[in-house]
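What follows is calculated from the coordinates using simple rules that are stated; it is not laboratory data. Bear in mind the structure is a predicted one, so any value in this text is a computation, not a measurement. Note that we place each Cβ from the backbone using ideal geometry, even for glycine, and neighbour counts take in every protein chain shown.
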């Protein structure tokens, strides 16, 4: 696991750096392969921005968040990434178990509705 934290337009503090590192590291438990994360923390006016890119094997995840509090923006971006990872994992499981994709399901529903109108 390799986590790089960059501060832009602000002085970096060990407290924020440690908090971001701790939160990002917890995402590793949801991934099968070792992850590489690039975290950019910046300030624009009164907004604190957290931008995170994660690479794990062939999977890539990206999220950013703007809040008035730095810790809140880090928490929000972690929540977004966790949802992305769970959604990707669910899609992979469905493929392995022979489930339909959303597009295939929509086509099937359309075909059935057309059959219903012809009868």
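Taking the stretch 1-58, which residues are over 16 Å from the mean Cα position of the chain (by Cα) and farther than 18 Å from residue 75 by Cα?
Matches in the stretch 1-58: 1, 2, 8, 9, 10, 11, 44, 45.
Count, please, the residues in the stretch 29-59 that happen to be buried (at least 16 other Cβ atoms within 10 Å of the Cβ) and either touching a residue at least 60 places away in the same chain (Cβ under 8 Å) or within 16 Å of residue 83 (Cα to Cα) (or both).
Total meeting the criteria: 8.
Just the residues that are free of Cβ contacts under 8 Å to residues at least 24 places away in the same chain and surrounded by 15 or more Cβ atoms within 10 Å (Cβ to Cβ), please, taken from the stretch 1-20. Full working, then the answer.
First, the residues of the stretch 1-20 that are free of Cβ contacts under 8 Å to residues at least 24 places away in the same chain: 11, 13-15, 17-18.
The one that is free of Cβ contacts under 8 Å to residues at least 24 places away in the same chain and surrounded by 15 or more Cβ atoms within 10 Å (Cβ to Cβ): 17.
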